[in-house]
Amino acid sequence: MAAEGADNNVDVVILGGGSGGYAAALRAAELGKSVVLIEKDKVGGTCLHRGCIPTKALLHAGEVADSARESAQFGVNASFEGIDMAGVHKYKDGVITKNWKGLQGLIRSRGITIVEGEGRLTGPKQVSVGDQTYTGTNVVLATGSYSRTLPGLELDGQRVIASEHALGLDHVPASAIVLGGGVIGVEFASAWKSFGADVTIVEALPHLVPLEDEANSKLLERAFRRRGINFKLGARFERVESTDSGVKVHLEGGQSLEAEVLLVAVGRGPTSADLGYEEAGLKMDRGFVLVDEYCRTNVDGVYAVGDLIPTLQLAHVGFAEGILVAEHLAGLPVVPIDYAGVPRITYSSPEVASVGLTEAQAAEKYGADKIKTVTYDLSGNGRSAILNTKGAVKLIAENSDGSGRVLGVHIVGDRVGELIAEAQLIYNWEALPSEVAQLIHPHPTQSEAIGEAHLLLAGKPLHVHD
Ligand SMILES: Cc1cc2nc3c(=O)[nH]c(=O)nc-3n(C[C@H](O)[C@H](O)[C@H](O)COP(=O)(O)OP(=O)(O)OC[C@H]3O[C@@H](n4cnc5c(N)ncnc54)[C@H](O)[C@@H]3O)c2cc1C
């Protein structure tokens with residue numbers, strides 16, 4: 001559907017109004033460009049409607065449930081009486097709607113034209129929506145991603161579900177098998193356990209959150225064991241069958257598990273099929289659109305951002321790529337993104353947060369004898385004791401004595417996601433441990449653990465036993 005009064009020839013045509021697309025639109029408009037933003041569903045995309053925001057609302061509701069259950073240990077008389085899923089949805093949807101309205105207003109206030117409808121690339125600089133064609137000096141592709149599954153494993157949306165179905169469940173499943181121990185699988189396992197479900201994660205690799213530093217994975221696994229979240233590592237899915245009460249999942253090697261639902265969380269694939277990308281001559285790999293460090297495709301004037309390209313599938317990466325593209329096409333000097341410097345958070349209880357290289361990556365890049373790692377246990381941190389959370393801050397620095405720049409920061413513990421913002425400054429500004437050790441952290445905060453870990457690395461530990 002064409003927006004009323006829309007000019008079909010503009011500076012920038014953007015296909016997809018998720019994190020990557022709308023960030024490009026907002027920045028391009030700010031730089032004086034005329035912009036058409038084409039969206040077939042709702043601006044805000046996966047992150048706002050089916051991803052970051054709703055999952056974090058569920059996790060927060062879970063945290064409230066856990067607080068009620070554990071209130072006695074803080075001397076508070078409260079009791080947990082159950083989850084009212086309709087109430088949880090009302091709260092979650094309220095957050096989404098408020099943000100969605102705000103975003104629509106923001107987009108309109110920048111003079112961006114939103115075109116509602118399904119677009120298709122019909123020429124290198126041209127996107128068609130129904131009988132309308134929009135031509136841009138530049139085109140930005142931002143069609144995002146979808147929940148993948150495994151060959152032969154069909155999602156029915158009822159018993160065998162993906163994250164978008166899981167977000168809409170009208171009840172707490174009595175039991176759930178989560179296929180995939182990556183970020184999405186771990187977050188749902190954590191929320192469902194808090195809601196009272198019996199959860200088992202099945203992960204083919206040797207650890208949960210397998211992209212994280214192994215130390216973080218092990219701390220998360222220990223915490224999940226304490227919480228009674230079951231997981232099977234190095235376990236490969238073979239097939240699923242329906243039972244009277246749900247599903248039976250067969251693993252390679254003969255083991256089987258039964259539960260009410262199976263959540264398939266094995267990753268997300270790029271939304272690029274049948275959108276005219278191949279016909280336009282775009283270089284692609286396994287469905288991802290390939291780009292250079294400025295997010296330029298091989299077709300002149302056409303950029304691609306977000307989950308559609310093979311970079312980290314995170315909303316803030318989409319934002320950064322969208323801004324970078326807008327500035328690049330406007331002729332501003334831009335610095336390519338250092339993807340190792342992007343903060344990553346898994347918002348389970350406890351949270352897992354990291355920036356920079358893992359120990360294995362640092363050892364490979366610099367040599368195992370040319371790096372130093374230290375671990376500061378949160379048991380020495382007063383605020384973490386008050387919150388009753390366990391975990392650690394692990395640092396990796398260059399040089400065998402740790403005197404070089406900080407190469408990686410890896411944290412586990414409740415609420416530590418907020419700490420990674422400081423850690424990303426440390427990593428991205430190439431700070432030395434001795435420089436960070438000079439900085440004073442407020443007491444009592446969990447941020448002190450960052451300071452203490454750097455004091456330790458700089459050879460002058462404070463709250464650390466010899
Ligand atoms: C369950 C879950 C939890 C997540 N949690 C987090 C988190 O906590 N933090 C984080 O950083 N990231 C998180 N993510 C990832 C994050 O949501 C994505 O990285 C981000 O949304 C990618 O943005 P995008 O713009 O590339 O794609 P999307 O947000 O998917 O947007 C693409 C948009 O394009 C539209 N579109 C597609 N095809 C067409 C077409 N032909 N015509 C018109 N419009 C079209 C779609 O409708 C969609 O709105 C999560 C994802 C999931 C699934």
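Return the residues of region 128-153 that are in contact with a Ser or Thr (Cβ under 7 Å, 6 or more places away or on another chain) and under 30 Å from GLY267 (Cβ atoms); say none if nothing qualifies. Those that are in contact with a Ser or Thr (Cβ under 7 Å, 6 or more places away or on another chain) and under 30 Å from GLY267 (Cβ atoms): THR143, GLY144, SER145, TYR146, SER147.
The set of residues in region 343-368 being away from the ligand (no atom under 16 Å from the Cβ) and aromatic (Phe, Trp, Tyr) consists of TYR366 alone. Of all residues in region 275-294, those satisfying the criterion of being assigned to a loop (DSSP other than H, G, I, E, B) and either in contact with a Lys or Arg (Cβ under 8 Å, 6 or more places away or on another chain) or at pLDDT below 95 (or both) are LEU275, GLY276, LEU290.
Set side by side, the residues GLY157, GLY144 differ, and just one is in contact (Cβ under 8 Å) with a residue 40 or more places away in the chain and on the phi > 0 side of the Ramachandran plot, which is GLY144. Of all residues in region 306-334, those satisfying the criterion of being outside any helix (DSSP H, G or I) and either more than 14 Å from the chain's Cα centre (by Cα) or away from the ligand (no atom under 12 Å from the Cβ) (or both) are ILE309, PRO310, ALA330, GLY331, LEU332, PRO333, VAL334. Considering only residues that are touching a His at 6+ places or on another chain (Cβ under 8 Å) and outside any helix (DSSP H, G or I), look in region 172-214 and name the one that is surrounded by the fewest Cβ atoms within 10 Å (Cβ to Cβ). By that ranking, first place goes to GLU212. Looking at region 141-152, which of the residues that are closer than 19 Å to ALA273 by Cβ and more than 14 Å from the ligand (Cβ to nearest atom) is surrounded by the fewest Cβ atoms within 10 Å (Cβ to Cβ)? Filtering region 141-152 for residues that are closer than 19 Å to ALA273 by Cβ and more than 14 Å from the ligand (Cβ to nearest atom), the one surrounded by the fewest Cβ atoms within 10 Å (Cβ to Cβ) comes out as PRO151.
Would a scan of region 116-126 turn up a residue that is of a type in the set (Gly, Ala, Ser) and modelled with pLDDT under 95? Yes: region 116-126 contains one or more residues that are of a type in the set (Gly, Ala, Ser) and modelled with pLDDT under 95. If you go through region 414-458 and keep only what is surrounded by fewer than 22 Cβ atoms within 10 Å (Cβ to Cβ) and touching a Gly at 6+ places or on another chain (Cβ under 8 Å), you end up with ASP414, GLN424, ASN428, LEU432, ALA437, LEU439, ILE440, HIS441, HIS443, PRO444, ALA458.
Scanning region 295-305 for residues that are crowded, with 16+ Cβ neighbours inside 10 Å and part of a loop (DSSP other than H, G, I, E, B) gives CYS295, THR297, VAL299, VAL305.
The values are calculated or read from the model by the stated rules, or taken from the named source; none is laboratory data. This is a predicted model, so every value here is computed, not measured. Quick reminder, even Gly has a Cβ in these numbers, built from the backbone with ideal geometry, and neighbours come from all protein chains shown.
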